[in-house]
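K.L.:
Have a look at the structure that comes next, please.
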Amino acid sequence: MTEESISQDLPTLESRSVFRILDAAANRCREGLRIIEDYVRFHRNEESLSSDLKQLRHDFRNYWKELDPEQLLQNRDTAGDIGTAISTAAENVRASLLDVVAANCKRVEESLRTLEEYSKLISTTAARGFEQLRYRFYGFEQELLLENQRKARIGQASVYFLLTEKTCVLNWQTTAEQAITLGVDVIQLREKELDDRELLARARWLRDATRHSSTLLIINDRPDIALLCDADGVHVGQEELCYGDVRKLLGPQKLIGISTHNMEQAREAVAAGADYVGAGPTFLSETKSFSEFAGLEFLRQMAAEISIPVFAIGGIGQENVEEVAQAGISRIAVCQAISQSQQMGRIIQEMKNILSSGNNREENRV
Ligand SMILES: Cc1ncc(COP(=O)(O)OP(=O)(O)O)c(N)n1
Ligand SMILES: Cc1ncsc1CCOP(=O)(O)O
Ligand SMILES: [Mg+2]
């Protein structure tokens with residue numbers, strides 16, 4: 001049957017109702033997508049996800065045009081719509097930005113399902129199209145909502161420990177177990193000379209050691225190892241794979257951190273969608289040597305501009321963490337301040353206390 005004969009086969013009252021249903025569902029879908037796009041654009045500042053959602057809205061419009069938009073408009077009867085007077089208390093309250101996004105994800109999915117089912121009476125092309133859009137949108141919902149759980153966890157982190165065996169005064173497992181027990185928020189496996197099988201074995205050991213703790217596990221440089229050990233994410237520098245390729249490997253549920261040494265790199269990392277950035281090197285480091293230092297001025301610029309979590313790194317410890325806090329940064333990534341410490345618990349707690357002091361806390365920033 002052609003599109004016209006399908007709609008002409010329906011009794012007039014029924015076809016009028018079908019057009020009203022499709023019109024309402026199309027409006028709900030379009031409005032929900034716009035609300036989600038605004039969140040991604042103005043709150044998450046994520047160009048890639050923003051353009052993906054814009055493309056989905058564009059594709060939606062193409063299938064909507066298959067439904068004879070003029071007929072939809074002609075059959076609209078808002079005055080006669082009994083639904084406009086019905087609302088629940090829950091519909092009028094949102095507890096957070098995430099709530100707004102979650103509610104509108106459901107609105108988009110339900111309206112796409114309505115469009116898919118009722119379009120079958122008019123255009124199988126449109127019905128199939130709406131079905132495919134719904135499947136695509138499920139992936140976006142996962143990225144939007146899981147991204148937030150992930151972001152919530154890294155956003156609460158303040159002391160991030162880089163674990164490198166040769167810097168440890170104790171053996172690396174004891175050092176790791178102590179650091180996790182004593183409350184490091186993130187532990188990163190950072191080894192440059194191990195063969196891949198040993199690196200993976202250590203990553204899996206750390207996954208077991210952190211699984212029932214609040215400590216996030218990050219693997220340095222290697223998304224493949226991060227994937228195989230089910231780490232919480234990976235950290236890549238300017239010379240490793242770019243964000244987009246790492247995201248293709250890890251999917252939406254993992255954290256991706258990027259090293260930055262200047263504001264241009266930091267802006268690029270935010271625009272790409274990084275979950276956090278390292279910022280440094282700040283001071284002279286015994287763990288890694290550098291020919292130049294971004295220093296405290298870079299931290300001040302980062303504190304003033306960058307919206308995602310910023311971890312200062314490079315030669316940071318008890319003796320200079322106050323300067324990092326004064327620069328406006330509330331998170332640090334350290335190696336030897338912890339791996340060489342004889343009083344790990346005291347050091348970790350002292351640095352956390354200094355970092356959480358008033359003038360560098362994000363919520364106090366005007
Ligand atoms: C949290 C964090 N920040 C920065 C780095 C440095 O990463 P990179 O520049 O790739 O250098 P290597 O650590 O790979 O030598 C990091 N590892 N972690
Ligand atoms: C990997 C890395 N990147 C910049 S500094 C650094 C080493 C940090 O180690 P430490 O905290 O001992 O200086
Ligand atoms: Mg690296």
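Just so it is clear, none of the values below were taken in a lab; they were calculated from the coordinates. Just so it is clear, the model here is predicted, and its values are computed rather than measured. As a convention, Cβ positions derive from the backbone with ideal geometry for all residues, glycine included, and neighbour counts pool all protein chains shown.
K.L.:
Could you give the angle, 0 to 90 degrees to the nearest 10, between helix 344-355's Cα long axis and the longest principal axis of the Cα atoms of the chain?
P.N.:
60 degrees
K.L.:
Still on this model: Over the Cα atoms of region 156-365, each weighted equally, I'd like the Debye log10 I(q)/I(0) at q = 0.12, 0.13, 0.15 Å⁻¹, rounded to two decimals.
P.N.:
With no solvent term, the Cα-only Debye profile gives -0.56, -0.67, -0.91.
K.L.:
Additional query: How big is the charge dipole of the chain about its Cα centre, in debye rounded to the nearest 20, if each Lys and Arg gets +1 on its Cβ and each Asp and Glu gets -1 on its Cβ?
P.N.:
Its charge dipole is roughly 500 debye.
K.L.:
Send over the semi-axes of region 256-366's equivalent ellipsoid, whole angstrom and largest first, taken as the square roots of 5 times the C-alpha gyration tensor eigenvalues.
P.N.:
Result for region 256-366: semi-axes of 22, 17, 12 Å.
K.L.:
Largest first, please: the extent of the C-alpha atoms of region 123-233 along each principal axis, to the nearest Å.
P.N.:
70, 31, 20
K.L.:
Can you list which of the GluC sites (Glu not before Pro) found in region 178-208 are DSSP loop residues with at most 12 other C-beta atoms within 10 Å?
P.N.:
The qualifying sites are GLU193.
K.L.:
On to the next question. Rank-order 215-226, 299-310, 159-170, 78-89 by packing density, defined as the average count of other C-beta atoms within 10 Å over each peptide's residues, highest first.
P.N.:
Descending mean neighbour count gives 215-226, 159-170, 299-310, 78-89.
K.L.:
Once the Cα atoms of helix 172-181 and of the chain are each reduced to a long axis, what angle between those two axes, in degrees from 0 to 90 to the nearest 10, is obtained?
P.N.:
60 degrees
K.L.:
Assuming 1.306 mPa s and 10 °C, estimate D for region 1-155 with Stokes-Einstein, Rh taken as the Kirkwood radius over Cα pairs, in µm²/s.
P.N.:
95 µm²/s
K.L.:
Moving on. How big is the charge dipole of region 142-279 about its Cα centre, in debye rounded to the nearest 20, if each Lys and Arg gets +1 on its Cβ and each Asp and Glu gets -1 on its Cβ?
P.N.:
My answer is approximately 340 debye.
K.L.:
While we're here: Looking at region 54-139, I'd like the Rg to Rh ratio, where Rg is from alpha-carbon atoms and Rh is Kirkwood's inverse mean 1/r.
P.N.:
1.02
K.L.:
Helix 196-210 versus the longest principal axis of the chain: what is the Cα-based angle in degrees, 0 to 90, to the nearest 10?
P.N.:
It works out to around 80 degrees.
K.L.:
Rg over Rh of the chain, using C-alpha atoms and the Kirkwood radius, what does it come to?
P.N.:
Expressed as Rg/Rh, it is 1.11.
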